[in-house]
Amino acid sequence: MSQQEARVEALRGVVDRVRSWQETATEGTIHDELDHGLREAGVTLTDEQRDAVARQIADGQEVDVEALAADSEAGGPA
């Protein structure tokens, strides 16, 4: 598995986990859980990316994890 594939898989897992209970959570809680999941997965995002993903999850929007993972500025799996 390439680093890019691993990053996509890790991001998808984090987003899916946070999205699974987001209906009752505040955006702040979603952001906290997103940060926790990203740390566990060893994936880094910029502050702007993290804020955007948290908003998308809170608003029930799709998160394009492949595009997010392709952004080389954001880091990757440890």
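Restricting attention to region 42-65 and to residues that are of a type in the set (Gly, Ala, Ser) and over 10 Å from the mean Cα position of the chain (by Cα), the residue that is nearest to residue 12 (Cα to Cα) turns out to be 42. Considering only residues in region 66-78 that are assigned to a loop (DSSP other than H, G, I, E, B) and either more than 14 Å from residue 13 (Cβ to Cβ) or polar (S, T, N, Q) (or both), the one that is modelled with the highest pLDDT turns out to be 71. Candidates in region 15-65 are the residues that are among the hydroxyl-bearing types (Ser, Thr, Tyr) and not in a helix (DSSP H, G or I); of these, the one that is surrounded by the fewest Cβ atoms within 10 Å (Cβ to Cβ) is 20.
The values are calculated or read from the model by the stated rules, or taken from the named source; none is laboratory data. On a predicted model such as this, the values are computed, not experimentally measured, just so you know. Cβ atoms come from the backbone with ideal geometry, glycine included; neighbour counts cover every protein chain shown.
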